[in-house]
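Working notes for the structure below.
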Amino acid sequence: MSTGLLLHPLTLHVPPPTSTSNGPPQPFSTAGNHHRHILSLSETCTSMSQLKQLHAFTLRTTFPDETATLFLYGRILQLSSFFFDVSYAFRVFDSIHQESHSSFMWNTLIRACAHDVSRKEEALLLYRKMLGRGKSAPDKHTFPFVLKACAYIFGLSEGKQVHCHVVKHGLSGDVYVNNGLIHLYGSCGCLDLAQKVFNDMPERSLVSWNSMVDALVRAGEYDSALELFRQMQRSFEPDGYTMQSVLSACAGLGSLSLGTWAHAFLLRRCDFDVAMDVLIKNSLIEMYCKCGSLKMGEQVFKGMRKRDLASWNAMILGLATHGRADEALGCFDRMVGKEENVKPNSVTFVAVLTACNHRGMVKKGRQYFDMMVRDYAIKPALEHYGCIIDLAARAGYITEAIDMVTSMPMKPDAVIWRSLLDACCKKGASVQLSEEIATRLIETREDNQSSSGAYVLLSRVYASASRWNDVGIVRKLMTEHGIRKEPGCSSIEINGISHEFFAGDTSHPQTKQIYEHLKVIDDKLRSVGYLPDCSQAPLVDSNNDGSKEYSLRLHSERLAIAFGLISLPPRTPIRVFKNLRVCSDCHEVTKLISKVFNTEIIVRDRVRFHHFKDGSCSCSDYW
DNA sequence: CTAGGGTTAG
């Protein structure tokens, strides 16, 4: 046989066989310590084809003892998963006698599955098999992989069982295992369990802290996440993973001052490789856009040497949510154009459709929806239908929107019913239709939006039809079901201090001034020809005292803008965050106010509200 | 005798 099978560069690293230091290598069947050579070859193996040659040698070689053979097979398994050839690993594993499967082999295979997106379930299956065979017990290496697989499929009940096994095997003190548990509970939304594991750990690493910070961010506990970040710095230097979570927390709070601080922090302290750098920059774009600084978001985006799909998605979405639909669509064109040639995914189209939605561009929205299906073969998800249905309904094409709901292949969720009902309410659809939709919305049992939920919207429908009896019934139902109407809410951040405004709210210390200024704004708007559109904003009896006002007048973001115009020096950009979705008319009004008062005003939606205990939060409180 | 943990947009 020829050893020419093993090609350069592998052959370069073969230690000379002791028996034949000169001349051609001997056939492997005779020499007693050839297995050592194969073993050392396995250390320099650089590709799957080399590994296969090695495997072939192994099959032809007689090994001095069983242990040595199994050790080598373990290596081969390890290498095939290192080269991402999991099916080869499976074949090797299956070729080994069941009795001889070692913990190492099981672990290697489970790990290979846990790292492969399409094999997460297989990882759990293997683990179950491993337990069932009873030959090799799981150890501290097994659990982190199994837990990762559980986390990925959100298998909370499976994960809890694995947690029991961890305890049973006396591994509840292992730092790797515990990190896996934190990650699992964090991804499944069990914050208290994640916290408990974290608290009870005898030893913590940087990964433990990062996983816990991440769990808090996922749960929307941004404040606590930042507090933990502060604590962790007493023992660890943050890395890229940490900063990614910290940036998400800042984005979630909508706090530009915190976000800017985090940006400065990472410029000063952190050093990443290129892959991490792209990830961090993407988080920066998202953070700046969510905090209302589209300018900084764009700056980061433009300054990137390398961009990936997520960078484009973040930028398009940022432009879209700021109502800059044309630029968002332009960005999309550039992305798919010849020069950049990045293939969009389903998230890209959510961003593109959001751009159309925020500007009420019905036709364009439909075009992009069709383009997604036709040109990119992307199957529309619920979110895409949500965008396009909302778009149609808001523009008054309620029948068409309902047709889309009935023809789409999946079950509509509460968001879709709500946007239909909202449109019915604003466009004065028939009471019967509105009632039907409200019923469906309530049936989903997901309707927990107190300010624009089924009951509130339905009572508005009855009110605009002057069916006061029914309004009373709905009100009573709301009380019985314990649903409290919460007013719309906006916030504005000034010098690191956040101020909140509720529609109709009078609790701010400068209320009198704010309302006076609101009147100034409205008068100015009227003087340039703007009149609140009654069909968009029906008369509502929001105070339940017979005093009807345009709901537009009560919009909380207008209070916030009024406050901004009073307390900021002229021409300072004003950033307002709204808890409800910003719609096209809101962008219009804001644009008009910006023009009339010569100030840049940015309104951003869907930022989670951060309730400061003392009503304020400054940068220095945190760091 | 081998080894291991944490990222992604609505």
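Summary of values
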read-out: Residue selected from the stretch A:142-170 under the condition farther than 10 Å from residue A:188 by Cβ and small (Gly, Ala, Ser), by the criterion surrounded by the fewest Cβ atoms within 10 Å (Cβ to Cβ); value: A:170
read-out: Test: residue in the stretch A:564-585 that is acidic (Asp, Glu), at negative phi and modelled with pLDDT of 80 or more; value: no
read-out: Residue match in the stretch A:359-373 (condition: within 15 Å of DNA strand B (Cβ to nearest atom), closer than 30 Å to residue A:315 by Cα and either within 22 Å of the chain's Cα centre (by Cα) or among the polar types (S, T, N, Q) (or both)); value: yes
read-out: Search result, residues across the stretch A:85-100 that are without any contact (Cβ under 8 Å) to a residue 12 or more places away in the chain and part of a helix (DSSP H, G or I); value: A:87, A:91, A:94, A:95
read-out: Residue match in the stretch A:139-149 (condition: at positive phi and out of contact with any strand residue (DSSP E or B) (no Cβ under 7 Å at 6 or more places or on another chain)); value: no
read-out: Filter result (more than 8 Å from DNA strand B (Cβ to nearest atom), part of a helix (DSSP H, G or I) and acidic (Asp, Glu)) within the stretch A:187-224; value: A:192, A:200, A:223
read-out: Answer from A:541, A:505, A:523 - the residue that is of a type in the set (Asp, Glu), more than 21 Å from residue A:422 (Cα to Cα) and modelled with pLDDT under 75; value: A:505
read-out: Hits in the stretch A:233-251 (condition: within 7 Å of DNA strand B (Cβ to nearest atom) and open to solvent by 50 Å² or more (accessible area, probe 1.4 Å)); value: A:241, A:244
read-out: Matching entry among A:300, A:246, A:278, A:274 (being out of contact with any strand residue (DSSP E or B) (no Cβ under 7 Å at 6 or more places or on another chain), more than 16 Å from residue A:575 (Cβ to Cβ) and free of Cβ contacts under 8 Å to residues at least 24 places away in the same chain); value: A:300
read-out: Candidate set: the stretch A:60-84, residues that are more than 9 Å from DNA strand B (Cβ to nearest atom) and assigned to a loop (DSSP other than H, G, I, E, B); chosen: the one most open to solvent (accessible area, probe 1.4 Å); value: A:84
read-out: Within the stretch A:44-59, considering residues that are within 46 Å of the chain's Cα centre (by Cα), surrounded by fewer than 19 Cβ atoms within 10 Å (Cβ to Cβ) and without any contact (Cβ under 8 Å) to a residue 40 or more places away in the chain, the one farthest from DNA strand B (Cβ to nearest atom); value: A:49
read-out: Selected residue (criterion: nearest to residue A:361 (Cα to Cα)) from residues of the stretch A:394-434 that are small (Gly, Ala, Ser) and part of a loop (DSSP other than H, G, I, E, B); value: A:395
read-out: Residues satisfying the stated conditions in the stretch A:85-115, i.e. open to solvent by 40 Å² or more (accessible area, probe 1.4 Å), within 12 Å of DNA strand B (Cβ to nearest atom) and either closer than 18 Å to residue A:153 by Cβ or out of contact with any helix residue (DSSP H, G or I) (no Cβ under 9 Å at 6 or more places or on another chain) (or both); value: A:111, A:115
read-out: Pairs where the first residue, in the stretch A:207-223, is touching a residue at least 40 places away in the same chain (Cβ under 8 Å) and the second is within 13 Å of DNA strand B (Cβ to nearest atom), C-beta under 7 Å, 6+ apart; value: A:220/A:252; A:220/A:608; A:222/A:249; A:222/A:252
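The values are calculated or read from the model by the stated rules, or taken from the named source; none is laboratory data. What you are looking at is a predicted structure, and each value in this text was computed from that prediction instead of being measured. With ideal geometry, Cβ positions are generated from the backbone for all residues, glycine too; neighbour counts draw on all protein chains shown. Areas reflect the complete protein model, heavy atoms only, side chains present, ligands, DNA and RNA absent. Shrake-Rupley method; radii C 1.70, N 1.55, O 1.52, S 1.80 Å.
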